[in-house]
Ligand SMILES: NC(=O)c1ccc[n+]([C@@H]2O[C@H](COP(=O)([O-])OP(=O)(O)OC[C@H]3O[C@@H](n4cnc5c(N)ncnc54)[C@H](O)[C@@H]3O)[C@@H](O)[C@H]2O)c1
Ligand SMILES: [Fe+2]
């Protein structure tokens, strides 16, 4: 099929998706915000009469004692709980099924996710599987969870994914080298806490990468053809907050105000992209995660400026507006100059944070398959401003080979 016809057909499909998504019951969790708000969330959970909680987290957070104050609070409030700490970055089907088995064995009636996007996503799918007996792979795609999930609460400990407010959970399937998204409004947690004080120990490279993930959500949502006035507002506010706070959070991790502002930014970017969608950056980054275990935020940061270069002819005014809220407008610049200034700023942030320009483990032999998977994800799910044909997508990915530096 000629490329122009394919693009037209998928644009019609995206248009249908945009208007039918207006019928979906998008909601936000009950929010608790500010340093210490994770303890308020514990009080709220206790007030709902939960009998036994499954806490879903990763072993590192248990080791550094991050859960302790929440566990103590739950204990004081008489809420019993068990901890499943088997989640690793880019969670797999197996890790989720192991958590589910613990939930069933222990008779838990609600779930509290404490951690980064990996723990929150794993918890979302455990909650869905607790009520739906069919395989996780059948949940991939849009609105495929038949029975509402078990009650779920979330405390993000990274400022990046926005998973505490999104309809998405991203799962890795090592048997097929695939990382897929489950997208269903039922996955939005019932309650969440944005507690910047929990993030002060996040090491600088993870702070930088997760912060660039949040920036990518804001930017891809803002240049999406499925944006709305609400997603625009959220994306612009998130971008401004990230520009004002990310470098400080990386340099001075103990600055609680900068951490809190990043937590807010990540949440706002989550609200924006859960409605407007993301784009090529994520479609390619998911494959770098599945094939080479590249951390999600790091992959996004490497890809983002290149996708913006490619997309610029079809979204110059939008990139100019992002430059404006990033404080890059001095006066008198054209839209094209401002758009370039924004892309240059993203590259400068990557350089400042020590983020590489290439993907070390990327192999030429994998590129055709990665391009096909990234194209399929983009065409079916994302209303990007400009589409590539598959040979162009391969050439695009080739720029990130270690030998292309
Ligand atoms: N559901 C969504 O809407 C959505 C959106 C974007 C990305 N994702 C997915 O989320 C996952 C990535 O999540 P992430 O970037 O938040 O990272 P992560 O959850 O994988 O955590 C990264 C590392 O940071 C550590 N860590 C987390 N919080 C810490 C803290 N406060 N102090 C010290 N160390 C801490 C963890 O132990 C882990 O080693 C990927 O699988 C990605 O695909 C989901
Ligand atoms: Fe992301």
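Here, each number is a calculation from the coordinates, and none is a lab measurement. Everything quoted here is computed from the prediction, not taken from an experiment. All Cβ positions, glycine included, derive from the backbone under ideal geometry; neighbour counts span all protein chains shown.
Points to keep in mind about this one:
- Here 288, 15 are placed in order of increasing Cβ neighbour count within 10 Å, fewest first, which gives 15, 288.
- For region 30-199, DSSP calls about 25 percent of its internal beta bridges antiparallel.
- Kirkwood hydrodynamic radius over Cα pairs of region 340-405, then Stokes diffusion coefficient at 4 °C and 1.567 mPa s, in µm²/s: 96 µm²/s
- Rounded to the nearest 10 degrees, the angle from helix 204-222 to the longest Cα principal axis of the chain is 60 degrees.
- Stokes-Einstein translational diffusion, region 294-399 - Kirkwood Rh over all Cα pairs, 1.567 mPa s, 4 °C, in µm²/s: 86 µm²/s
- Tail weight of P(r) past 30 Å, computed on alpha-carbon pairs of region 30-199, percent: 9 percent
- Size descriptor for the chain, Kirkwood hydrodynamic radius: 21.2 Å (Cα pairs only, one decimal).
- Rounded to the nearest angstrom and listed largest first, the equivalent-ellipsoid semi-axes of region 121-180 from its Cα gyration tensor are 19, 16, 10.
- Each residue in 237, 364, 106 was given a count of other beta-carbon atoms within 10 angstrom of its own, and listing them fewest first yields 364, 106, 237.
- Compared with the dominant Cα axis of the chain, that is its longest principal axis, helix 335-352 is turned about 50°.
- Using all pairs of distinct alpha-carbon atoms, the Kirkwood hydrodynamic radius of region 203-404 works out to 16.8 angstrom.
- C-alpha long axis of helix 117-131 to longest principal axis of the chain, angle in °: 60 degrees
- Modelled label reach - residue 176, point 7 Å along Cα→Cβ, region 78-98 residues with backbone N closer than 13 Å: 93
- Looking at the chain alone, DSSP beta bridges between its own residues are antiparallel in about 25 percent of cases.
- Label separation (residue 401 vs residue 43): 5.9 nm, computed from points 7 Å beyond Cα along the C-beta direction.
- Alpha carbon centroid spacing (whole Å) that separates region 1-44 from region 104-168: 16 Å
- Computed FRET value (nearest 0.05) for residue 72 with residue 142, which takes r as the C-beta separation and R₀ as 56 Å: 0.90
- The chain, relative contact order in percent, only Cα pairs under 8 angstrom and at least six apart counted: 15 percent
- By the count of neighbouring beta-carbon atoms within 10 Å, fewest first, 387, 153 end up ordered 387, 153.
- Three-way shape call for region 135-289 based on the alpha-carbon gyration tensor, with the a/c threshold at 1.5: prolate
- Rounded to the nearest 0.05, the FRET efficiency derived from the C-beta distance between residue 251 and residue 335 at R0 = 35 Å is 0.65.
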